[in-house]
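The values are calculated or read from the model by the stated rules, or taken from the named source; none is laboratory data. The shown structure was predicted, so the numbers you read here are calculated from the model rather than taken from an experiment. We place every Cβ from the backbone using ideal geometry, glycine too, and count neighbours over all the protein chains shown. These accessible areas exclude ligands, DNA and RNA; they are computed on the full protein's heavy atoms, side chains included. Shrake-Rupley method; radii C 1.70, N 1.55, O 1.52, S 1.80 Å.
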Amino acid sequence: MKIQDIQNLSIKMGQEADFRGKEGVQKFLDNKKRDFQKLSLPEQEEFDKESLENPYLDSRIYNIVDPSDGGKEIKKVLVGIDIGPAEILMAKEIGNIDLIIAHHPIGKGLAQLADVMGLQCDVLNFYGVPINIAEGLMREKISEVARGVNSANHQRTVDAAKLLGFNLMNSHTPCDNLAARFLRNLIDPPADGKEIERVSDLIDILKEVPEYKEAIKIGVGPKIFVGNPQNRCGKIALSEITGGTEGSPKLYEKMAQAGIGTVVGMHVSEEHKKEAELAHINIVIAGHISSDSLGVNIFLDELCRQSRASSIESGEKQEIEIISCSGFTRVSRV
Ligand SMILES: [Fe+2]
């Protein structure tokens, strides 16, 4: 498999796990096409054409070494949650790394992080928050994030990869979609068919996930940030696992009105915590880097499965080797 095949797999899997469903994602892409067609020619020149095909602009390819024929065959991959110049240097030390995959966005993907945040409106709508309220409250937050990431030194890591000659890509929202879908399947309905009654029961279920078991060992296992173990969960929403970054704190009141009792998230700011307390919503933090690892693992499992199949076909019998770094915990489910 080559870098473009791996990027295509990431986007395809992200779409299949997307809470909007395939039709919702297609509608999102169709709107982009409509916007593009309305632009003047100079504006079309500036328009990011990738957005016509890729619904996750925070997840892309940043460097292809020797792009003739799509670059080299990928056999050894360095995967990390945050990839910076230090990890690029590490790749050089390790040797024979064909591709570096980051989870969190870098380069142009970071500059366009806000583009994926509209997904949160649909996720909230899925859990019963009226779409006009979700969109109204998220609009302000999305523009705040867009301004916030604007000042970053976006190309720092990309430049390092180019200087040292590494293929570089990232998969952010596709992997977060995979983690959200995994947790939704785990929680709703639960494996034994019984409702999850108390917040402590929810924590117990999360603690069975291997990535969270590993996180417990280093002190960052699933935790209750708002509420207490005896509280009843009510309706559980996976509204803070995917969609770029944290949404609007004003949403908690609306979520409570929509009947949501408990939110499972990756992380929560103090401002969000206070608003959730006021709205009497329990907040369970599954864990940030552990949840990131969960989504990346599901993606890599399929990558390994496909590379194994293609290596058997070509008679090479060599599947992709994964090396973890930067907080990523590899757990194989294949
Ligand atoms: Fe993350």
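What does the charge count around Val331 come to, taking other residues whose C-beta lies under 11 Å from its C-beta (Lys +1, Arg +1, Asp -1, Glu -1)? Residues near Val331 contribute 0 overall.
The charge dipole of the range 124-226, taken about its Cα centre with unit charges on the Cβ atoms of Lys, Arg (+1), Asp and Glu (-1) only, comes to about 400 debye. Annotation: Lys49 carries an accessible surface of approximately 90 Å², with a 1.4 Å probe and no ligand, DNA or RNA atoms counted. Cross-link partners of Lys273 among aspartates and glutamates, defined as those whose alpha carbon lies under 17 angstrom from its own and excluding same-chain residues fewer than eight positions apart: Glu240, Glu246, Glu253.
Over the chain, calculate the relative contact order: mean separation of alpha carbon pairs under 8 Å at least 6 apart, over the residue count, as a percent. The normalised contact order for the chain reaches 22 percent. What the Cβ-Cβ distance of Ile216 and Phe36 gives, at R0 = 51 Å and to the nearest 0.05, is a FRET efficiency of 0.60. Normalised radius of gyration (Cα atoms, divided by 2.2 N^0.38 Å) for the chain: 1.01. For the set Lys2/Lys49; Lys12/Lys223; Lys33/Lys108; Lys2/Lys38; Lys108/Lys141; Lys92/Lys162, the pairs lying more than 23 angstrom apart at their alpha carbons are Lys12/Lys223; Lys2/Lys38.
The three principal axes of the C-alpha atoms in the range 59-152 carry coordinate ranges of 51, 28, 24 Å, sorted with the longest axis first.
Run through the range 177-236 and list the GluC sites (Glu not before Pro) located in a DSSP loop whose Cβ has at most 15 other Cβ atoms within 10 Å.
Glu195, Glu197, Glu208
Defining a contact as two alpha carbons under 8 Å apart and six or more residues distant in sequence, what relative contact order in percent does the range 162-297 show? Numbers along the way, then the final one.
On the way: 207 pairs, mean separation 42.5, N = 136.
Across the range 162-297, relative contact order equals 31 percent.
Note on Ile131 and Val334: with the Förster distance fixed at 45 Å, the Cβ-Cβ geometry gives a FRET efficiency of about 0.75.
Using a Cα-Cα cut-off of under 24 Å, which lysines could be cross-linked to Lys217, ignoring same-chain neighbours fewer than 8 residues away? In chain and number order, the partners are Lys207.
In loop segments of the range 1-70 as defined by DSSP, the GluC sites (Glu not before Pro) with at most 13 further C-beta atoms inside 10 Å of their C-beta are Glu53. Note on Asp204/Asp66: beta-carbon distance plugged into 1/(1 + (r/R0)^6) with R0 of 41 Å gives a FRET efficiency of 0.25. Rolling a 1.4 Å probe over the protein heavy atoms leaves Asp35 with an accessible area of roughly 80 Å². Give me the base-10 log of I(q)/I(0) for the range 1-95 at each q in 0.14, 0.19, 0.24 Å⁻¹, Debye formula, one uniform scatterer per Cα, rounded to two decimals. Taken in order of the listed q values, log10 I(q)/I(0) reads -0.73, -1.06, -1.25.
Given the alpha-carbon gyration tensor of the range 123-183, what are the semi-axes of its equivalent ellipsoid in whole angstrom, ordered largest first, with each equal to the square root of 5 times an eigenvalue? Each step should come with its number before you reach the end.
Values: eigenvalues 213, 72, 6 Å².
Semi-axes from the Cα gyration tensor: 33, 19, 5 Å.
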